[in-house]
Each structure stands twice: as structure tokens, then as C-alpha cells.
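First the structure, in the form of C-alpha cells, and then the observations on it.
Read-outs: derived from the displayed coordinates by stated rules, not from any lab. Source: prediction; values computed, not measured. Glycine gets a Cβ as well: all are built from the backbone with ideal geometry, and neighbour counts include every protein chain shown.
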């Protein structure tokens, strides 16, 4: 696989408590996604957060990895639905940290009765799962 590089641009105005920002993807796939501290720690009110973007990144990576594992075995998925919940909590002496990524997978795959081995290989092949674990976060993957 070739080296992959992507960028995002973040603009922020104001202090952390009352300021707000916007995130734009370097590819143009998304632009001006608003975020702020109040909507990060409280009700989202239609704004995103770094944690939501991490959940999307982990979910996208794991879904593609699972599709690849299934396809490589000659059983491409009909449909994969993946939900990821990133959990951030305060760790004594360390401040707020990402402590978990809880993943739920719903899969429609003809000819596959046991998805567990595919999920294990997909998880092992997903760089975001590796990154999260190396950072000390738990990665829990379950089937719906």
C-alpha cells in the first residue's frame, strides 16, 4: 500500500470556553464543520467534535478492512453497518483521555456463518485500532 497523507484545516476564533471553530478536509469532501467546547462536552446541537471525527475514522477504517478480509476469502459483504462510540474520560493525573472505542458491526454476508475470524483479522489490519490500543484505549468489537 502506498504512503497515505491527508490534511485538514482548522480555524478557531475566541477563547476556549466561548469560542468556536470549523474543520475543513483538504480533499474538499467536507468543509466548515462547526465545533466548540460547549457542543463538545454537552449537547452537540448539530456540531461535530474531535471525538466524533475519530469515531468516523475508526469506523471507516475497520469497515474497509472487514470488507477486504471478506472479499479476499471470496465472500464479499452485501452490506456492513458499523457504529463506533469513542469514550473520553478523565484519568487521575493525566487529564481527559480517549479510553475506549466501542464498535458494533451488523453484517449481511452470504455464505459466512461465523464472522469472528474476519473481524479479528480486520481489527488487526486497521491502523486506527492499532493506534488506539497503543495509546492505551480499549477497543471492543461486537456483532449486533
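Relative to the longest principal axis of the Cα atoms of the chain, helix 50-72 runs at roughly 10 degrees. For the pair residue 52 and residue 110, a Förster radius of 30 Å applied to the C-beta separation gives a FRET efficiency near 0.40, rounded to the nearest 0.05. Packing-based ranking of 3-9, 99-105 yields 99-105, 3-9, ordered from highest to lowest mean Cβ neighbour count within 10 Å. Give the calculated FRET efficiency between residue 85 and residue 30 to the nearest 0.05, with a Förster radius of 25 Å applied to their Cβ-Cβ distance. About 0.75, to the nearest 0.05. With the simple model of a label 7 Å out from the Cα in the direction of the Cβ, residue 97 to residue 64 spans 2.9 nm.
Computed over the Cα atoms of the chain, what is the ratio Rg over Rh, Rh following Kirkwood?
1.02
Structure remark: mean-square fluctuation, Gaussian network model of the chain, C-alpha springs under 10 Å; the largest value among 44, 107, 122 belongs to 44. Estimated from helices alone, the mean residue ellipticity of the chain at 222 nm is -9500 deg cm²/dmol (sum of -39500 (n - 2.57) over DSSP H runs with n ≥ 4, per residue).
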